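Novice: Sending over a structure as structure tokens; questions will come in a sec.
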Amino acid sequence: MVSTPYEGCSGGFSSSDVQLRKMLIKKILEYAQELNVKYIEIRSSFPISELKESGFIEKTPLLVSEAPLKDADDNFAMLSAKHRRNVRSAEKKGVTIRAAENIEEMKIFYKILYEHYKNLGVPFFGVKFFLGIWEKLIENDQASLLIARFGEEIIGGHLLFFSGKILISKYAAFRREKDLSKLYASYALFWKGIEVGLQKGFESFNLGVTGEVNTGLLDFKSRFGAETHPVYFYYYPIGGEIPDFAKYYGEYSLLKKIWRAAPAILTSGIGQKINEWIC
């Protein structure tokens, strides 16, 4: 039993009433015993003492980076000098960013994103998952896909989710050929994400979760003015052992090397099932 699968930085209680939380915990435990699940997993952006008091094991396998959204001048000033320079450089070199206009652009973005995760050695969702995001979220103004172009060529994208007062950076990827990597499309895509958040009146920009071993990505996010804090995972074993979630986000492992080397015809077919099992 997992609270909010596919989301790594929220899923705790929606009430601050202590007694109500304890009643909910009691019901969760009863239901898990009836179903005989392996374990319960509750994710939260803040610590929940009532869960620890009830025997849940607290872990902090991930870090989430969040930046306040103020106004264009203030947020641009929050960028590091290098990030500001690279955002300007991308524009000068001819990189343009705009919202995707059709589902075909989502398909192109998915191919770039899939290759990115394949190179990382990480199993990834199937294309149908992203076509569903287009039809259910983007077409209903609950998400936005930013597309980076160089001339007529799509070289990257940035998928944003809308959640209350928070803009969530869910997935971002760009093509890494040598001549394209010097265009700094990633910097332009993230800055455009901030501009979208400001235009739509969001109060904060969630740049997503990161494993603590990935110091380079954490540094990249912090230079956009983001502050980093732990994500709290609470586990209660019922009929099996709790997972080592942090290992999944580890930078190196034999399984990841095998996955990188495996043919795409194999990995594209089973990546979706692996993600459903992990998440």
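Novice: How far apart, in nm, are two points set 7 Å out from the Cα along the Cα-to-Cβ line at Glu135 and at Tyr31?
Specialist: Those two pseudo-labels are separated by 2.8 nm.
Novice: Sort His83, His158, His229 by Cβ crowding within 10 Å, fewest neighbours at the top.
Specialist: The most exposed by this proxy come first: His229, His83, His158.
Novice: A further question follows. Pull out a ≥ b ≥ c, the square roots of the eigenvalues of the alpha-carbon gyration tensor of the stretch 64-228, then state rounded if a/c is under 1.5, prolate if not and a/b is larger than b/c, and oblate in the remaining case. Walk me through the intermediate numbers first.
Specialist: Details: a/c = 1.29, a/b = 1.14, b/c = 1.13.
Note, shape of the stretch 64-228 comes out rounded.
Novice: For the stretch 53-94 and the stretch 19-41, what is the separation of their C-alpha centers, rounded to whole Å?
Specialist: Value for the Cα centre distance between the two parts: 36 Å.
Novice: I would also like to ask the following. Amide H neighbours of Gly208 under 5 Å, at least 5 residues apart or on other chains, H built in the peptide plane: list them.
Specialist: Ser65, Ser169
Novice: So, one more: Return the loop-located trypsin sites (Lys or Arg not before Pro) in the stretch 182-249 (DSSP other than H, G, I, E, B) with at most 14 other Cβ atoms within 10 Å of their own Cβ; answer none if there are none. Mind dumping the intermediate values first?
Specialist: On the way: sites: Lys182, Lys192, Lys200, Lys221, Arg223, Lys247; in loops: Lys182, Lys200, Arg223.
For trypsin sites (Lys or Arg not before Pro) across the stretch 182-249 that sit outside H, G, I, E and B with at most 14 neighbouring Cβ atoms in 10 Å, the list reads Lys182, Lys200.
Novice: So which of Lys136/Lys221; Lys170/Lys200; Lys82/Lys165; Lys59/Lys165; Lys111/Lys200; Lys92/Lys118 end up more than 25 Å apart, counting from Cα to Cα? Kindly include the intermediate steps, with their values, before the conclusion.
Specialist: Values: Lys136/Lys221 28 Å; Lys170/Lys200 17 Å; Lys82/Lys165 29 Å; Lys59/Lys165 27 Å; Lys111/Lys200 28 Å; Lys92/Lys118 31 Å.
Going by Cα-Cα distance, Lys136/Lys221; Lys82/Lys165; Lys59/Lys165; Lys111/Lys200; Lys92/Lys118 fall outside the 25 Å limit.
Novice: While we're here: Mind listing which GluC sites (Glu not before Pro) in the stretch 104-185 are in a DSSP loop and have 12 or fewer other Cβ atoms within 10 Å? Working shown, then result.
Specialist: On the way: sites: Glu104, Glu105, Glu115, Glu135, Glu139, Glu152, Glu153, Glu177; in loops: Glu152, Glu177.
Here the sparse-neighbourhood loop sites are Glu152, Glu177.
Novice: May I ask you to list, by number, the DSSP H helices of the chain whose Cα span along the axis is at least 24 Å and whose average Kyte-Doolittle hydropathy reaches -1.0 or more?
Specialist: 18-35, 103-120
Novice: Report the residue, chosen from Ala77, Ala226, Ala100, that carries the largest GNM mean-square fluctuation when the chain is represented by alpha-carbon nodes joined by springs under 10 Å.
Specialist: For the chain, modelled as a Gaussian network with Cα springs under 10 Å, the answer is Ala77.
Novice: Which stretch or stretches of the stretch 95-124 have amide N atoms under 12 Å from the point lying 7 Å from Lys200's Cα along the Cα→Cβ direction?
Specialist: 99-100
Novice: Of the candidates Leu29, Leu69, Leu113, which one comes out as most mobile in a Gaussian network treatment of the chain with C-alpha springs shorter than 10 Å?
Specialist: Result: Leu29 has the largest fluctuation of those listed.
Novice: Is the C-alpha gyration tensor of the chain telling us rounded, prolate or oblate? Criteria: a/c under 1.5 is rounded; beyond that, a/b larger than b/c is prolate, otherwise oblate. Write down the numbers at each step before the final one.
Specialist: Values: a/c = 1.93, a/b = 1.46, b/c = 1.32.
Verdict is prolate for the chain.
Novice: Rounded, prolate or oblate for the stretch 160-215? Axes are the square roots of the Cα gyration tensor eigenvalues, ordered a ≥ b ≥ c, and the cut-off for rounded is a/c under 1.5. Don't skip to the answer; put the middle values down first.
Specialist: Numbers: a/c = 2.94, a/b = 1.51, b/c = 1.94.
Oblate, because a/c is 1.5 or more while a/b does not exceed b/c.
Each reported figure results from applying straightforward, stated rules to the coordinates on display, with no laboratory input. Being a predicted model, the structure only gives us computed values, none of them experimental. Positions of Cβ are generated from backbone atoms using ideal geometry, with glycine treated the same way; all protein chains shown enter the neighbour counts.
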